[in-house]
Structures are given as C-alpha cells and as structure tokens.
Amino acid sequence: MKILVLSIIIGLLTMSPVMAEKDYDREMGPKFLSAQDLREHEYAYASDFIGANLYVTHANQVPRSVTEVPDEWEDVGSIDDLILTDDGKVGAALIDVGGFFGIGARTVAINRHALEVVRVEGDDGVFGDDDFYVVLKATRDELENAPEYESARDN
C-alpha cells in the first residue's frame, strides 16, 4: 500500500510542473510573446515583404547593408506573395515577371534561400518597409526564363 501511495504522490509531483506551465512548450517556448520578446530578435512582418521591390544583380557578393540602391542592381518588380511551408516557415516568394503593366505577366516562385535581405544603413534598428531591400543574385533574363509557378490550388 505504501508503494502505491508513494507512486501516486510521485506521479502527481511530476505532473504539477506540466499543469503549471500550460502556456509554455519546451521546444517552442512561450505561446504568447510581448513586444519586448520580439525586440530581442530581428523580425519583420510579412506585410513588409509583400509589395517590397525585388532587385536582381549579377554581382558575386551582395552587401549586408547599403545607404542606397547600387547601380548594378535592377528593379524587376515587387513581391506579390509569400508561400509558407507546413512548419510555418517562408518557403518561397512569388513575383510576376514579364508582361506590360501586369498584362501577359507570369508568376515565378523564388526559393527563400536565394533571396538576400539587405539592410538600409542608418535605420532605426526596427525592421520596417523602408529599412531593407530584397535582392536575388540573377539576371532579368534568368528570372524571366524561370519556370512558371502554378499553384496546386489552381488545379
């Protein structure tokens, strides 16, 4: 009987931290974040990227920060949407290329790992829509000849 009671007590004691930490996951961390929690890490809103201009460059190196758009960068349009993976990470950016004022344009998906986010020097340290440029190491021709993205939703 003592062993049964002792087992129940040990079981309850080991479960009490789980019950007390309903809003905390050991892998994920807290469920809810404050503005201060987010300020401790670099972050941006998806809305800062959607609509951001996309530049292409043939340069081998893309700087981490600039004061203005370098001459060798070419503005090829803006990011139309972001695709999230099943684990919630950004997988790709969608951009319309070619065409004239959107007529005849086609959508291309660009792997997020191919995109470089370049900070604007002298910004206030908080990511916002004017604080960065999005750059792809490619040429306009490569982008325009990339395979067209067709969503599985459209089929």
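The values are calculated or read from the model by the stated rules, or taken from the named source; none is laboratory data. Keep in mind that what you see is a predicted model, and the values were worked out from it rather than measured. Using ideal geometry, Cβ is built from the backbone for each residue, glycine included, and neighbour counts are taken over all protein chains shown. In case anyone asks, the SASA skips ligands and DNA or RNA and just uses the protein heavy atoms, side chains included. Shrake-Rupley method; radii C 1.70, N 1.55, O 1.52, S 1.80 Å.
Overview of results
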item: Selection count where residues are over 24 Å from Gly91 (Cα atoms) and modelled with pLDDT under 65, scope the stretch 20-39; result: 7
item: Residues of the stretch 55-68 classified as open to solvent by less than 50 Å² (accessible area, probe 1.4 Å) and touching a residue at least 60 places away in the same chain (Cβ under 8 Å), total; result: 6
item: Matching residues, the stretch 89-101, being part of a loop (DSSP other than H, G, I, E, B) and over 12 Å from the mean Cα position of the chain (by Cα); result: Gly98, Gly99, Phe101
item: Count of the stretch 107-148 residues which are surrounded by 15 or more Cβ atoms within 10 Å (Cβ to Cβ), at pLDDT 85 or above and assigned to a loop (DSSP other than H, G, I, E, B); result: 2
item: Matching residues, the stretch 60-88, being closer than 20 Å to Tyr133 by Cα, of a type outside the set (A, V, I, L, M, F, W, C) and not in a strand (DSSP E or B); result: Asn60, Gln61, Pro63, Arg64, Thr67, Glu68, Pro70, Asp71, Glu72
item: The one condition in (1) of a type in the set (Gly, Ala, Ser); (2) at pLDDT 85 or above; (3) exposed (fewer than 12 other Cβ atoms within 10 Å of the Cβ) that Gly104 fails to fulfil; result: (2)
item: So Gly98, is it at pLDDT 85 or above, on the phi > 0 side of the Ramachandran plot and open to solvent by less than 50 Å² (accessible area, probe 1.4 Å); result: no
item: Restricting the stretch 69-89 to residues that are within 22 Å of Ser47 (Cα to Cα) and without any contact (Cβ under 8 Å) to a residue 24 or more places away in the chain, the residue that is most open to solvent (accessible area, probe 1.4 Å); result: Asp86
